[in-house]
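Accompanying notes for the structure given below.
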Amino acid sequence: MLTPDVVHLNHGSFGACLRSVFTETSHIRERVEAAPMRYYVRDWQRELDAARVSAAAFVGAVPERFVFVPSATTGLALALASLPLTASDRIVTTTHVYPACRNQLERTGAQIQYVPTPLPFDDDQLVAVIDAALDGARLLVLDHITSPSALIYPLARLVPLAQRRGIPVLIDGAHAPGQLPLEVEALGATWYVGNHHKWMCAPKASGFLAVAPDIAVPPLVTSHGGTAGYGPANRLHAELDWSGTYDPAPILAVPVAIRAVAAEVSDWTFVREHNHVLVQAFTEALDATALSAPSAIGSMQAVAIELPAGLTTSALEQRLLAAGFEVPIVGYLDRPLLRISAHLYNHLDEADALARTLHELGVTVL
Ligand SMILES: Cc1ncc(COP(=O)(O)O)c(C=O)c1O
């Protein structure tokens, strides 16, 4: 559905939707509007449960401990609210944490330790600094794929560091589903949040929260599920599936997106490998020095840039938008980075066009 007059190199921020998936989403909405009571009273829970089974299987999660949320941001808020925190508690996270998530952490009133993770990225360094920070911590919050720098964190090495100290782990996997072959349950985190509307190309307003066994997550908005015995026997589902009348279409369309994107090529392995190879070709076309090993890169890559005097990161982003390029320019520890995304609809010549425009704007790719 992307307009051809814009070069879309930012799948990572908001995703993009196939027209066939969008059409199916509209059909779901029409069904809801045509007979709302029949829909919500008779069909909704059954259809939601079926979508849940499909979405959970795609990311290797257990449906009984999986709930849909409108976005990863909401999933993070639910997870954080389920852990009582005080000013004497310490949360460990890294300097790559997504700003909206950082705001949520700071709102808890706990002390936040931002473990420094320099660029170029060295996963051994990250494992060592997290290990050194964890004694006495109350919570570990990690990205699966970082936002400003597009790095895949080695969770299989990091989560056990907290597990063996009995510290709960919250993973922000906003970018992981569709970019990585995910096995959420095997990672062993206490809470894992992800998005369907980014790399899985589902309609906007669909994400998930998956929780470890025996973890209670009270709703942020109490609704009918607060009445004992109301809704499904699974209390997590009863309390979190419904927080008031809402549009279920983006969630119910997740299985449609899973099938439709795969059908564009052969399967999701192809999608991931295609995007991984293409984003590295983009980086080469920009003549950029990689900030990490290819194994720490999925379908996005951040490159360092130098701006001409007087041009801020947000002004550069605006100029690129005006020139027809959707690509985020972010500041990481006061260092400007350009983050480029690759999906099935992208082509290598788009990187050449971006390189020319950056040059015209006086930006140097490092
Ligand atoms: C690492 C990370 N976490 C969370 C989010 C928030 O996602 P949403 O806006 O869908 O809640 C983003 C969005 O880009 C992100 O990059």
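Using unit Cβ charges (K, R positive; D, E negative) and no other charged atoms, how large, in debye to the nearest 20, is the dipole of the stretch 19-260 about its Cα centre?
Computed about the Cα centre, the dipole is about 380 debye.
In 20 Å bins starting at zero, report the fraction of Cα pairs in the chain per bin as a rounded %.
All Cα pairs, binned at 20 Å, distribute as 29, 57, 15, 0 percent.
Report for the chain the percent antiparallel among DSSP-assigned beta bridges with both residues inside it, nearest 5.
Percent antiparallel among DSSP bridges in the chain is about 55.
Which FRET efficiency, nearest 0.05, do Glu64 and Glu183 yield, Cβ-Cβ r, R0 25 Å? Walk me through the numbers before you get to the answer.
On the way: r = 17 Å, r/R0 = 0.66.
Given R0 = 25 Å and the Cβ-Cβ separation, E is 0.90.
Answer with one residue from Leu278, Thr357, Ser314: the one whose Cα lies farthest towards the positive end of the charge dipole of the chain, charges on Cβ with Lys, Arg +1 and Asp, Glu -1.
Of the listed residues, the answer is Ser314.
Taking the simple approach of a point 7 Å from Cα along Cα-to-Cβ for both Glu360 and Arg259, what is their distance in nm?
Between Glu360 and Arg259, the label points sit 4.4 nm apart.
Where the centroid of each part is defined by its Cα atoms, how far is the stretch 109-144 from the stretch 231-251 in Å?
Taking the Cα centre of the stretch 231-251 as reference, the centre of the stretch 109-144 is 34 Å away.
Whole-Hz Karplus ³J(HN,Hα) for the stretch 78-93, in order, using 6.51 cos²θ - 1.76 cosθ + 1.60 and θ = phi - 60°, x for Gly and Pro?
Residue by residue, the stretch 78-93 yields 4, 5, 5, 5, 7, 10, x, 10, 10, 5, 8, 8, 10, 9, 9, 8 Hz.
Given a cut-off of 17 Å, what percent of all Cα-Cα pairs of the stretch 274-318 lie beyond it? Display every interim value, and only then the final one.
Details: 412 of 990 pairs.
Roughly 42 percent, once rounded to a whole number.
Simple spin-label model, 7 Å along Cα-to-Cβ: Gln163 to Leu2 in nm?
Reported label-point gap for Gln163 and Leu2 is 3.7 nm.
Each residue of the stretch 277-286 in order: what ³J(HN,Hα) in whole Hz does its phi give by Karplus 6.51 cos²θ - 1.76 cosθ + 1.60, θ = phi - 60°, with x for Gly and Pro?
5, 5, 5, 6, 5, 4, 4, 5, 5, 7
For the chain, what does the helix formula give at 222 nm: sum of -39500 (n - 2.57) over DSSP H segments with n ≥ 4, over the residue count, nearest 500 deg cm²/dmol?
Helices in the chain give a 222 nm mean residue ellipticity of -11500 deg cm²/dmol.
Would you mind finding the longest exposed-site-free stretch of the chain, with exposed chymotrypsin sites (Phe, Trp or Tyr not before Pro) meaning DSSP loop and at most 15 other Cβ atoms within 10 Å?
The segment 1-229 is the longest one with no such site.
What percent antiparallel are the DSSP beta bridges of the stretch 125-210, to the nearest 5? Don't skip to the answer; put the middle values down first.
Values: 5 of 14 bridges.
Expressed as a percentage, antiparallel bridges in the stretch 125-210 total about 35.
Separation of the stretch 341-364 and the stretch 253-304 by C-alpha centroid, Å?
After rounding, the separation between the Cα centres reads 16 Å.
Taking the Cα-to-Cβ direction at Ala290 and at Asp247 and moving 7 Å from each Cα, how far apart do the two end points lie in nm?
Computed distance between label sites Ala290 and Asp247 equals 4.0 nm.
Bear in mind that the values in this text are calculations on the coordinates, not laboratory data. As the structure is a computational prediction, the values presented were derived from the model and not from experiment. All Cβ positions, glycine included, derive from the backbone under ideal geometry; neighbour counts span all protein chains shown.
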